[in-house]
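Below: the structure, in structure tokens.
Here, each number is a calculation from the coordinates, and none is a lab measurement. Being a predicted model, the structure only gives us computed values, none of them experimental. Heads up, the Cβs are rebuilt from the backbone with ideal geometry, glycines too, and the neighbour counts pull from every protein chain shown.
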Amino acid sequence: MKSALVHVNPRVFARLASSGLIAASVLWGPAAQAQARKPEATATACPALLQHRFDRLQDEKPQSLCQYSGRVVLVVNTASFCGFTSQYEGLEALYAKYKAQGLVVLGFPANDFGRQEPGNNQAIADFCENTFGVKFPMFSKTSVVGREASPFYKQLAQKTGETPQWNFHKYVIGRDGQTVRSYPSSLDPKNPSFLKDIERFLSTKS
């Protein structure tokens, strides 16, 4: 029977020799060397657009948007006392219907338009949960337009060429973290054409 040619890694050999534990079972053949050179799998890099942190609305604990990498992200600036506030119901229904397929809805309460979000974070959280049963992630009050706009919203505006004109403006970010579409406040989340757009986003691989 022919014996296989094996190569011993000098560093391994030296380490074992110094400890007095040299054994024939310590082999370093070509297959083992190839395996050692194989890089470990790394997590998908977080796209620049999602490299932001916001405090969670309910408990103000910092959250990274990178946790939503690879998903379709629907971003909405919300308000509790707006003519469009009833859209919370449609947004929650959308989230419940498509979250298993990779959709996440992110709510950003803002007091930029008509001062229609005057309450503090706890008051907003209670309103959303008690009135509309909101389960999708929501974050602390922030500004979405003007000089005080969060860097995240500034990037969304830069990518689409559109800034929110009122509460419940919508941005949809594709799985690649690069493709972004903008939708007006008046667009109902239950709109059939909007649902088709969401499904197209979901069907596109990152």
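Using alpha carbon centroids, what distance separates region 137-206 and region 89-122, in Å? The distance from the Cα centre of region 137-206 to that of region 89-122 comes to 11 Å. Give me the number: length gained by fully extending R147 to E162, i.e. 0.36 nm times residue separation minus the C-alpha to C-alpha distance, one decimal in nm. Taking R147 through E162 to full extension adds about 3.9 nm, to one decimal.
The stretch between N191 and F81 holds 37.4 nm of extra length on full extension. This uses 0.36 nm per residue minus the Cα-Cα distance.
Length, then width, then depth: along the principal axes, the Cα atoms of region 126-200 run 35, 33, 24 Å. Holding the Cα-Cα limit at 27 Å, pick out from K135/K196; K99/K205; K159/K196; K61/K99; K141/K205; K141/K170 the pairs that are longer than that. Violating the 27 Å Cα-Cα cut-off are K141/K205. Spin-label model, K154/T179: points 7 Å from Cα along the beta carbon direction are separated by 2.8 nm. May I ask you to list the residues of region 49-82 whose amide nitrogen lies under 14 Å from a point 7 Å from Cα along the Cα→beta-carbon direction of N120? The answer is 58-60, whose backbone nitrogens lie closer than 14 Å to the label point. Subtracting the Cα-Cα distance of K205 and E60 from 0.36 nm times their residue separation leaves 49.0 nm of extension gain.
The Rg/Rh ratio of region 51-143, with both radii computed over alpha carbons and Rh defined as the Kirkwood radius, is 0.94.
The loop-placed trypsin sites (Lys or Arg not before Pro) in region 96-135, going by DSSP, that have at most 12 neighbouring Cβ atoms within 10 Å of their Cβ come out as R115.
DSSP beta bridges in region 44-141, what fraction antiparallel, as a percent rounded to 5? All intermediate terms of the calculation are to be shown ahead of the outcome.
Working: 4 of 12 bridges.
Restricted to region 44-141, the bridges split so that about 35 percent are antiparallel.
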